[in-house]
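Enquirer: Below you will find the structure I want to go over with you.
The values are calculated or read from the model by the stated rules, or taken from the named source; none is laboratory data. The model shown is predicted, which means the values in this text are computed figures rather than measured ones. Heads up, the Cβs are rebuilt from the backbone with ideal geometry, glycines too, and the neighbour counts pull from every protein chain shown.
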Amino acid sequence: MGLKNTLHNLKEKYKGTKMAPAFNALHTFLYLPNETTHNGTHIKVADDLKRTMNIVIMAMVPCLIFGIFNAGYQHFEAFGTPVEFLSWDAFYIGIIKILPLLIVSYGVGLGIEFLFAIVKKHEVEEGYLVTGMLVPLIVPIDTPLWMLAVAVAFGVVIGKEVFGGTGMNILNPALTIRAFLFFAYPTWMSGDKVWIEGAVERDQLIAAGEKLDAVSGETILGTLAQGKAVGHDIMDMFLGFIPGSIGETSTILIILGGLFLIFTKIGSWRIMLSSVVGAITMGLIFNGLVNAEVITEGSKFFGLMSTPFWQHLIIGGFAFGTVFMATDPVTASQTNKGKWIYGFLIGFLSIMIRVFNPAYPEGVMLAILLMNVFAPTIDHYVVQGNVKQRMKRLKVKNA
Amino acid sequence: MGLLSKKDAKLIIDPLADDNPITIQVLGICSALAITAELKASLVMAISVIFVLGMGNVVISLMRNIIPSKIRIIVQLIVVATLVIIVDLVLKAFAYELSKTLSVFVGLIITNCIIMGRFEAFALGNGPWRSFLDGIGNALGYGVILIIVGFFRELLGSGTLFGFPVLGDPIAKTGLYSTGYENNGFMIMPPMALIVVGIIIWVQRSRNKALIED
């Protein structure tokens, strides 16, 4: 008897009991259900929620794999014993840190989804599949596992389940989780230590009196915000050989993931494009201010304002946020015109927050969360505008 | 309760749970969110409101037959303002540090919807004794929520209760902190107060389904 049959039998056994949704979910996560309807007219679509989720996860896998190698690479780089990027040493450091993050993220998140499904007596929803993958990619490598667990529990319950589960949430759950981490444990989410595996530990050893060299690896944005010179060249930033959250460093892989999403029609190209346009606009405004000498070298905003506008696109989490999080179909605008406005403002605000928030030089998280809140409003006005236009046309015709 | 008749006891007990001013009537939220980062501030705020609402209800109830209804809001404001100024001055005299923490929120008791609500809804139509019980009951209901919220926010946000470190020293890493636990900085921020109040409302309504509105 195969696994499929076992699962099916279990499902039948628990039918009608309290635990039924959990077994049903296990069964359908892995296989097609045994019973399908045969007669009547059906519309067949290939992209159900589960498949949509899987495609997004596939688009993120390159970022994850790159993140695993990069974690090890950055570790050895910072500790003064550089290794080849594609080496077992780098892979080992990365996998031993990132796998637990992934397991905790999925374990806690899906655990809560199952619990809520059983209590509310509905089917387990697939919404967490993507969130669970996003979460490890957007946190620093040294995030303690219990913090991640607390944040995931908060994000899933307060960010999603209280609104009614997948499809009803106002805020992107993965970003809610990250925002919670950032506001609850700021020392673990910013600064120049958390981005390098082992740097925090090394710091504690030094504090305990051991004679070791301090290790630090500031993100590009952090360096710029402090007005220091960046030690990485443009190609490193584009390819992703820089410190940062696990999966967001490699712009090229994110672009490939984005193209994959656009090609499969899962991600909205309107949002991605308009967000890039928005970021470029804001970047150009800041560059203009610097060129017009409104902002001079003494200003604390000089470092980030004088960064060429196109560089803003390849540093920090902007690319990752734009491709994988702004396009979340639940929390983004639904109308086409709305998507343009929504995306543009995300890009625009991201760069603005980046420059003006010295405490935390990354704006894409807050920009997306803010625009998530406004997305329904944007849609409302777009729809109302359309209604008005048609009413006018009707009047002209009748007159 | 031997002292009170069943009807009078209801005045005190109802607002504690099933007719709670914060979680059911959703009044007085503003101060509940602002000052609950510390348990001590919550407690002092609760006591202040108990005093103001208890006394205020009695005063309004005594005057209820001589207040012309056109100017009753002004009279109510004068009564509550007088009482709030007494509280404010007492705090400044005996607990100056705390009065700085509470700052403007003691003054804002004047605009606390619970107080005006009870004056309007109860004290204007009932005798002084019953009004007194109603005032104490509602203020206690307000205070209970404040203290619950303050308890969780101070414990999880600062690791202390009434300023006393119950979880160990976060800097020397003793107690719970030696296991890697850290204070949750988000708990001290006002948004978290809203979420904690929300969770209390959630728990209360799932225990008593009759409270759920459509």
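Enquirer: Tell me which residues, restricted to region B:80-110, are without any contact (Cβ under 8 Å) to a residue 40 or more places away in the chain and under 19 Å from residue B:135 (Cα atoms). Spell out how you get there, then give the answer.
Expert: The first filter runs over region B:80-110 and keeps only residues without any contact (Cβ under 8 Å) to a residue 40 or more places away in the chain, leaving B:80-90, B:92-94, B:96-97, B:99-100, B:103-104, B:107, B:110.
B:80, B:81, B:82, B:83, B:84, B:85, B:86, B:87, B:107, B:110, listed by residue number.
Enquirer: What about residue B:61, is it free of Cβ contacts under 8 Å to residues at least 24 places away in the same chain, farther than 16 Å from residue B:141 by Cα, polar (S, T, N, Q) and assigned to a helix (DSSP H, G or I)? Please lay out each step first, then the result.
Expert: Numbers: free of Cβ contacts under 8 Å to residues at least 24 places away in the same chain: no; farther than 16 Å from residue B:141 by Cα: yes; polar (S, T, N, Q): yes; assigned to a helix (DSSP H, G or I): yes.
Considered against the rule, which asks whether it is free of Cβ contacts under 8 Å to residues at least 24 places away in the same chain, farther than 16 Å from residue B:141 by Cα, polar (S, T, N, Q) and assigned to a helix (DSSP H, G or I), residue B:61 comes out as no.
Enquirer: Check residue B:167 against each of (1) in contact with a Gly (Cβ under 6 Å, 6 or more places away or on another chain); (2) of a type outside the set (S, T, N, Q); (3) closer than 14 Å to residue B:45 by Cβ and name the one condition it does not meet.
Expert: Unmet condition: (3).
Enquirer: Now, a different point. Could we say that residue B:11 is crowded, with 19+ Cβ neighbours inside 10 Å, touching a Pro at 6+ places or on another chain (Cβ under 6 Å) and of a type in the set (A, V, I, L, M, F, W, C) here?
Expert: no
Enquirer: Suppose the filter is of a type in the set (S, T, N, Q), out of contact with any helix residue (DSSP H, G or I) (no Cβ under 7 Å at 6 or more places or on another chain), within 14 Å of chain B (Cβ to nearest Cβ) and surrounded by fewer than 22 Cβ atoms within 10 Å (Cβ to Cβ); does residue A:166 pass it?
Expert: Details: of a type in the set (S, T, N, Q): yes; out of contact with any helix residue (DSSP H, G or I) (no Cβ under 7 Å at 6 or more places or on another chain): yes; within 14 Å of chain B (Cβ to nearest Cβ): no; surrounded by fewer than 22 Cβ atoms within 10 Å (Cβ to Cβ): yes.
Taking the combined requirement at face value, the residue does not satisfy it.
Enquirer: Inspect region A:169-186 for any residue being polar (S, T, N, Q), within 14 Å of chain B (Cβ to nearest Cβ) and touching a residue at least 24 places away in the same chain (Cβ under 8 Å) and give the result as yes or no.
Expert: Yes, region A:169-186 contains at least one residue that is polar (S, T, N, Q), within 14 Å of chain B (Cβ to nearest Cβ) and touching a residue at least 24 places away in the same chain (Cβ under 8 Å).
Enquirer: Ok, one more. Restricting to region A:111-141, count the residues that are without any contact (Cβ under 8 Å) to a residue 60 or more places away in the chain, away from chain B (no Cβ under 12 Å) and surrounded by fewer than 22 Cβ atoms within 10 Å (Cβ to Cβ).
Expert: Here the count works out to 4.
Enquirer: Same structure, new question: Going through region A:215-227 one residue at a time, which ones are part of a loop (DSSP other than H, G, I, E, B) and more than 23 Å from residue A:96 (Cα to Cα)?
Expert: Result: A:226, A:227.
Enquirer: Could you identify the single residue in A:247, A:240, A:222 that is crowded, with 19+ Cβ neighbours inside 10 Å, at positive phi and of a type outside the set (Phe, Trp, Tyr)?
Expert: A:240
Enquirer: Would you be able to say whether some residue in region A:332-340 is on the phi < 0 side of the Ramachandran plot and more than 23 Å from the chain's Cα centre (by Cα)?
Expert: The answer is yes, given that some residue of region A:332-340 is on the phi < 0 side of the Ramachandran plot and more than 23 Å from the chain's Cα centre (by Cα).
Enquirer: For the structure I just gave you, tell me whether residue B:26 is part of a helix (DSSP H, G or I) and not acidic (Asp, Glu).
Expert: Spelling it out, it is not the case that residue B:26 is part of a helix (DSSP H, G or I) and not acidic (Asp, Glu).
Enquirer: Follow-up question, since we're still on this one. Quick check on my filter: what residues within region A:1-12 are touching a helix residue (DSSP H, G or I) at 6+ places or on another chain (Cβ under 8 Å) and of a type outside the set (A, V, I, L, M)?
Expert: A:4, A:8, A:11
Enquirer: Please count how many residues of region A:44-68 are surrounded by 23 or more Cβ atoms within 10 Å (Cβ to Cβ) and either small (Gly, Ala, Ser) or more than 18 Å from the chain's Cα centre (by Cα) (or both).
Expert: 2
Enquirer: Going by the structure shown, is residue B:207 free of Cβ contacts under 8 Å to residues at least 24 places away in the same chain, within 29 Å of residue B:8 (Cα to Cα) and either within 14 Å of another protein chain (Cβ to nearest Cβ) or over 16 Å from the mean Cα position of the chain (by Cα) (or both)?
Expert: yes
Enquirer: Then there is this: Taking region A:187-207, which residues are among the polar types (S, T, N, Q) and either more than 14 Å from every other protein chain (Cβ to nearest Cβ) or free of Cβ contacts under 8 Å to residues at least 24 places away in the same chain (or both)?
Expert: Of everything in region A:187-207, those that are among the polar types (S, T, N, Q) and either more than 14 Å from every other protein chain (Cβ to nearest Cβ) or free of Cβ contacts under 8 Å to residues at least 24 places away in the same chain (or both) turn out to be A:187, A:204.
Enquirer: Could I ask something else about it? Which of the residues that make up region B:162-184 are away from every other protein chain (no Cβ under 14 Å) and either among the charged types (D, E, K, R) or assigned to a loop (DSSP other than H, G, I, E, B) (or both)?
Expert: B:162, B:163, B:166, B:167, B:168, B:169, B:174 - these are the residues of region B:162-184 that are away from every other protein chain (no Cβ under 14 Å) and either among the charged types (D, E, K, R) or assigned to a loop (DSSP other than H, G, I, E, B) (or both).
Enquirer: Separate question: Return the residues of region A:119-144 that are of a type in the set (Val, Ile, Thr) and at pLDDT 85 or above; say none if nothing qualifies.
Expert: Those that are of a type in the set (Val, Ile, Thr) and at pLDDT 85 or above: A:130, A:131, A:135, A:138, A:139, A:141, A:143.
Enquirer: Separate question: Could you tell me whether residue A:96 is among the β-branched types (Val, Ile, Thr) and exposed (fewer than 15 other Cβ atoms within 10 Å of the Cβ)?
Expert: Against the criterion (among the β-branched types (Val, Ile, Thr) and exposed (fewer than 15 other Cβ atoms within 10 Å of the Cβ)), residue A:96 qualifies.
Enquirer: Among the residues of region B:185-204, how many are within 20 Å of residue A:150 (Cα to Cα) and within 11 Å of another protein chain (Cβ to nearest Cβ)?
Expert: Residues in region B:185-204 being within 20 Å of residue A:150 (Cα to Cα) and within 11 Å of another protein chain (Cβ to nearest Cβ): 13 in total.
Enquirer: Could you check how many residues of region B:163-213 are among the hydroxyl-bearing types (Ser, Thr, Tyr) and exposed (fewer than 15 other Cβ atoms within 10 Å of the Cβ)?
Expert: Number satisfying all stated conditions: 4.
Enquirer: List every residue pair whose Cβ atoms sit under 7 Å apart, with the two residues 6 or more apart in sequence or on different chains, where the first one lies in region B:111-126 and is more than 12 Å from residue B:11 (Cβ to Cβ) and the second, anywhere, is at pLDDT below 85 and not in a helix (DSSP H, G or I).
Expert: These pairs meet every condition: B:112/B:28; B:113/B:27; B:113/B:28; B:114/B:21; B:114/B:27; B:114/B:28; B:117/B:27.
Conditions (1) in a loop (DSSP other than H, G, I, E, B); (2) at positive phi; (3) buried (at least 23 other Cβ atoms within 10 Å of the Cβ), marked per residue:
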site	(1), (2), (3)
A:86	yes, no, no
A:150	no, no, no
A:174	no, no, yes
A:188	no, no, no
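Enquirer: Return the total of residues in region A:200-214 being in a helix (DSSP H, G or I) and over 10 Å from residue A:140 (Cβ atoms).
Expert: Matching residues across region A:200-214 total 7.
Enquirer: Exactly one of these conditions fails for residue A:213: (1) out of contact with any Phe, Trp or Tyr (no Cβ under 9 Å at 6 or more places or on another chain); (2) surrounded by fewer than 18 Cβ atoms within 10 Å (Cβ to Cβ). Give me its number.
Expert: Residue A:213 satisfies every listed condition except (1).
Enquirer: Which residues, counting only those in region A:250-286, are under 15 Å from residue A:353 (Cα atoms) and of a type outside the set (A, V, I, L, M)?
Expert: A:275, A:278, A:281, A:283, A:286
Enquirer: Among (1) surrounded by 19 or more Cβ atoms within 10 Å (Cβ to Cβ); (2) in contact with a Ser or Thr (Cβ under 9 Å, 6 or more places away or on another chain), where does residue B:51 come up short?
Expert: (2)
Enquirer: Here is a further query. When residues of region A:152-162 are filtered for being at pLDDT below 90, more than 12 Å from every other protein chain (Cβ to nearest Cβ) and assigned to a helix (DSSP H, G or I), how many remain?
Expert: Adding up the residues that qualify gives 0.
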